[in-house]
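Heads up, the thing below is written out as structure tokens.
The values are calculated or read from the model by the stated rules, or taken from the named source; none is laboratory data. On a predicted model such as this, the values are computed, not experimentally measured, just so you know. Neighbour counts run over all protein chains shown; Cβ positions are idealised from the backbone, glycine included.
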Protein chains: 2
Amino acid sequence: MARKPRQQRAKATVNAIIEASFIAMAEHGPAATTTRQIADIAGVGVGSLYEYFDNKEQIFQVMGERFVADTIALIHPLIPTLVRKPMKDAVRELLQHFRDFLQEDDERYLKCARHAMTLGFEEHMEPLQKALSELVTQYLMHHPETLKIRNIPTMSYIMINGGIFAVVRHLSDPAPPISFDELVEGLATMVGHYTEQEMALAEASASDGQQGG
Amino acid sequence: MARKPRQQRAKATVNAIIEASFIAMAEHGPAATTTRQIADIAGVGVGSLYEYFDNKEQIFQVMGERFVADTIALIHPLIPTLVRKPMKDAVRELLQHFRDFLQEDDERYLKCARHAMTLGFEEHMEPLQKALSELVTQYLMHHPETLKIRNIPTMSYIMINGGIFAVVRHLSDPAPPISFDELVEGLATMVGHYTEQEMALAEASASDGQQGG
DNA sequence: TGCTTGTTCGGATTCAATTCGGAAAATCAT
DNA sequence: ATGATTTTCCGAATTGAATCCGAACAAGCA
């Protein structure tokens, strides 16, 4: 940001600009959104945009950051509940909360997420990834038996990234070949099967180890 | 395209423009790539760009199409070999070919893929998805026992999308928490475990069915 | 109230995308 | 080969969006 808003009035302006950007983005898409449009919707002069943002790009950046921050704010309070549930249920519940979240405020975030990739959303994803990693860590701690699973970092990486993108891609797809519920169920099953299989293998190799050693 | 190139000379121009676009893109990124740069690198006048492309956006589109087409050209001939291998080996081999492909031509496509999302490449992904679906279908036909797996469409969707994005994201990540080989191994294990678990369940429910019916 | 600092604004400026009309090259018809 | 015709190429001119800037307006404060 070029300058920090000191007065209340200025903070309201900044907020109006971001809100307006979400609206313009949802309506016209990222390429066709102009500074004029944003200023008009926000009810401010074009010049005001540049008081608090270096350029249009940065407005999009801040939108992305806000989206990720709100997503994290959604996930964080769910952690204590989720870690006590069976894994499949936890995955299901997390994703259903996420969908509800996207549909708040007249689907504001859903429309945003449709363009997320064009906006360079991935660049802000690190904090989200961290939040989900924490969820995984805490989950594992509450289910000591799952600690036998091998390659936990790799699998977290795949599930988190693969999961996020499968969901975002599905949301972006105007004619998805499967329903959202099927996707959720599929992801839950996938995670579930993986862990079960790993536990079974751990079991087997444990008894191998006893016999062999 | 605004006009079709008839003469050989014109085809060379179109090609030079696309090549130049890849180079400029790799160097400056999508936002900072200008028509002037592309024209200069291609060794043509700016006006020439608009003889064969409606606008800059369309140049990027064609780049995306070419990238996807080349990826499919990579995959297609591998299918007959892959379908005869164990699933884990097939996944591993496919991904390793893909990495090699990205690193051809001075990592031209790798640099391109880094910006793939910003460029809106997902919009061209349907043919790639189709090619991978075909690979899955053929694989299943060569391994009749795998047909017992439930929700094949859903699982294909998740694995294809999740897999592609996990790989592209990993390649885009300047400091990935896991190595590419670990990622490949993880994806292969994931697919392997899922199928094994499903086969085991199919087995179990088959004997249930015999006992129960 | 008068002074200082923060805020808003929209016309002026800058810069990249796109257009256009004519020149050069290739192709064709005779 | 020569001139007509089509295709290709170009870069100065145009257009329009992004950005800058300095004057006008509001808030905070003594």
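Below are the figures for this structure:
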item	result
Qualifying residue in segment A:136-150 (condition: modelled with pLDDT of 90 or more, outside any helix (DSSP H, G or I) and at the interface with chain B (Cβ under 9 Å from one of its Cβ atoms))	yes
Residue match in segment A:111-123 (condition: hydroxyl-bearing (Ser, Thr, Tyr) and away from chain B (no Cβ under 14 Å))	no
Search result, residues across segment B:118-168 that are more than 14 Å from the chain's Cα centre (by Cα) and among the β-branched types (Val, Ile, Thr)	B:THR118, B:VAL136, B:THR137, B:THR146, B:ILE149, B:ILE152, B:THR154, B:ILE158
Condition met for A:LEU128 (part of a helix (DSSP H, G or I) and closer than 30 Å to B:ARG150 by Cα)	no
Conditions (1) under 17 Å from the mean Cα position of the chain (by Cα); (2) away from DNA strand D (no atom under 12 Å from the Cβ); number of the one not met by A:PHE60	(2)
Residues satisfying the stated conditions in segment A:177-198, i.e. more than 27 Å from A:HIS143 (Cα to Cα) and facing chain B (nearest Cβ under 8 Å)	A:PRO177, A:ILE178
Residue ID - farthest from the other protein chains (Cβ to nearest Cβ), chosen from residues in segment A:18-40 that are at pLDDT below 95 and not in a helix (DSSP H, G or I)	A:THR33
For B:ILE164: the one exception among (1) modelled with pLDDT of 85 or more; (2) of a type in the set (Val, Ile, Thr); (3) crowded, with 21+ Cβ neighbours inside 10 Å	(1)
Meets criteria (free of Cβ contacts under 8 Å to residues at least 24 places away in the same chain, touching a helix residue (DSSP H, G or I) at 6+ places or on another chain (Cβ under 8 Å) and either closer than 30 Å to B:ALA16 by Cα or assigned to a helix (DSSP H, G or I) (or both)) for B:GLN61	no
Selection within segment A:171-182 - part of a helix (DSSP H, G or I) and free of Cβ contacts under 8 Å to residues at least 40 places away in the same chain	A:ASP181, A:GLU182
Conditions (1) within 13 Å of DNA strand C (Cβ to nearest atom); (2) part of a helix (DSSP H, G or I); (3) not hydroxyl-bearing (Ser, Thr, Tyr); number of the one not met by B:VAL44	(2)
Those residues of segment B:132-159 which are within 16 Å of B:GLY192 (Cβ to Cβ) and buried (at least 21 other Cβ atoms within 10 Å of the Cβ), in sequence order	B:MET155, B:ILE158, B:MET159
Where B:ASP54 falls short, out of the listed (1) surrounded by fewer than 17 Cβ atoms within 10 Å (Cβ to Cβ); (2) part of a helix (DSSP H, G or I); (3) within 11 Å of DNA strand C (Cβ to nearest atom)	(2)
Some residue of segment B:66-79 being loosely packed, with under 15 Cβ neighbours inside 10 Å, in contact (Cβ under 8 Å) with a residue 12 or more places away in the chain and in contact with a His (Cβ under 7 Å, 6 or more places away or on another chain)	no
Unmet criterion (only one of (1) at pLDDT 95 or above; (2) away from DNA strand C (no atom under 16 Å from the Cβ)) for A:ALA10	(2)
A:ALA166 part of a helix (DSSP H, G or I) and within 8 Å of chain B (Cβ to nearest Cβ)	yes
All positions within segment A:4-41 that are of a type in the set (Lys, Arg) and within 11 Å of DNA strand D (Cβ to nearest atom)	A:ARG6, A:ARG9, A:ARG36
Test: residue in segment A:28-44 that is hydrophobic (A, V, I, L, M, F, W, C) and loosely packed, with under 14 Cβ neighbours inside 10 Å	yes
Checking A:VAL62 against (1) within 16 Å of DNA strand C (Cβ to nearest atom); (2) not assigned by TED's automatic domain parsing to the domain that holds A:HIS143, the condition it does not meet	(2)
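Per-residue answers, yes or no, for (1) within 16 Å of DNA strand D (Cβ to nearest atom); (2) within 14 Å of the chain's Cα centre (by Cα); (3) not in a helix (DSSP H, G or I):
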position: A:TYR50; (1), (2), (3): yes, no, no
position: A:ALA69; (1), (2), (3): no, yes, no
position: A:PRO77; (1), (2), (3): no, no, no
position: A:ALA90; (1), (2), (3): no, no, no
